[in-house]
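This report concerns only the one structure given below.
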Amino acid sequence: MSTYCIVTDERRCISCKACEVHCKVKNAMPVGIKLGEHFTEGPVPGPNGAPLYRTLYMPCFHCEQPECVDVCPTGAMTKREADGIVHVVADDCIGCGACLEACPWHIPQWNEDGDKAVKCDLCMDRIDAGLKPACVTGCTTHALALVGQDDPRYEEQRKRAPQRVLAER
């Protein structure tokens with residue numbers, strides 16, 4: 001499991017999708033590829049009966065035992081030991097697409113520009129530099145936060161996010 005997790009504060013999120021835009025720009029992704037995806041559901045009845053929108057930003061979950069890593073024949077899809085971030089070593093990717101088929105969350109995507117798999121790596125270059133991921137930095141309402149395992153939101157997000165994604169797909 002990754003040391004990090006991106007959590008969404010639904011009370012602050014206005015579904016502007018700045019998170020997606022900042023991710024795409026930082027990672028120079030072409031049209032059609034989203035390394036992180038923002039979901040909006042609603043309106044749904046809120047706790048007091050008033051309608052509300054539910055929101056969630058979904059980057060890669062950086063699974064404890066990532067199936068995308070297990071099926072990669074070259075080791076291009078790899079998990080960092082230090083923090084559990086799953087990422088693609090582009091020079092080692094042969095474009096077989098096995099990771100795209102293996103991931104139950106459909107996180108790895110096919111980049112036709114380089115004929116290689118791409119995926120969210122939590123902007124590990126930024127994390128290594130002591131910065132936050134682009135999606136978190138670009139969030140206009142500060143609804144996104146990068147948290148560690150010691151934050152109580154970490155476990156809650158790891159539990160509820162996959163359930164929400166499955167319900168919305």
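Some values worked out for this structure:
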| item | result |
| --- | --- |
| Residue within segment 51-59 that is more than 19 Å from the chain's Cα centre (by Cα), hydroxyl-bearing (Ser, Thr, Tyr), modelled with pLDDT under 95 and outside any loop (DSSP other than H, G, I, E, B) present | yes |
| Selection from segment 71-104 of residues that are in contact with a Pro (Cβ under 6 Å, 6 or more places away or on another chain) and open to solvent by less than 40 Å² (accessible area, probe 1.4 Å) | Val86, Cys99 |
| Filter pass, Cys5 being surrounded by 17 or more Cβ atoms within 10 Å (Cβ to Cβ), closer than 25 Å to Gly138 by Cβ and in contact (Cβ under 8 Å) with a residue 40 or more places away in the chain | yes |
| Cβ-Cβ under 9 Å pairs, at least 6 apart or on other chains, segment 139-154 side open to solvent by 90 Å² or more (accessible area, probe 1.4 Å), far side in a loop (DSSP other than H, G, I, E, B) | His142/Asp9; His142/Arg12; Gln149/Met1; Gln149/Ser2; Gln149/Thr3; Arg153/Asp9 |
| Residue identified as at positive phi, without any contact (Cβ under 8 Å) to a residue 40 or more places away in the chain and either in contact with a helix residue (DSSP H, G or I) (Cβ under 8 Å, 6 or more places away or on another chain) or part of a loop (DSSP other than H, G, I, E, B) (or both) among Gly84, Gly114, Gly95 | Gly95 |
| Tabulated pairs, segment 23-37, first on the phi < 0 side of the Ramachandran plot, second of a type in the set (Phe, Trp, Tyr), C-beta under 7 angstrom, 6+ apart or interchain | Gly36/Tyr57 |
| Condition broken by Ile107, with the remaining ones in (1) within 15 Å of the chain's Cα centre (by Cα); (2) more than 24 Å from Asp150 (Cα to Cα); (3) open to solvent by 30 Å² or more (accessible area, probe 1.4 Å); (4) not basic (Lys, Arg) satisfied | (3) |
| Residue, nearest to Ile85 (Cα to Cα), within segment 35-49, restricted to residues that are surrounded by fewer than 17 Cβ atoms within 10 Å (Cβ to Cβ) and in contact with a strand residue (DSSP E or B) (Cβ under 9 Å, 6 or more places away or on another chain) | Thr40 |
| Positions within segment 31-50 being under 27 Å from Val118 (Cα atoms) and part of a strand (DSSP E or B), in sequence order | Glu37, His38, Phe39, Thr40, Glu41 |
| Leading residue by the ranking (surrounded by the fewest Cβ atoms within 10 Å (Cβ to Cβ)) among those in segment 60-70 that are outside any helix (DSSP H, G or I) and not acidic (Asp, Glu) | Gln65 |
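The values are calculated or read from the model by the stated rules, or taken from the named source; none is laboratory data. Everything numeric in this text was worked out from a predicted model, so none of it was measured. Cβ sites come from the backbone with ideal geometry, for glycine too, and all protein chains shown count toward neighbours. The protein model used for the area step is the full one, side chains on, heavy atoms only, and it has no ligands, DNA or RNA in it. Shrake-Rupley method; radii C 1.70, N 1.55, O 1.52, S 1.80 Å.
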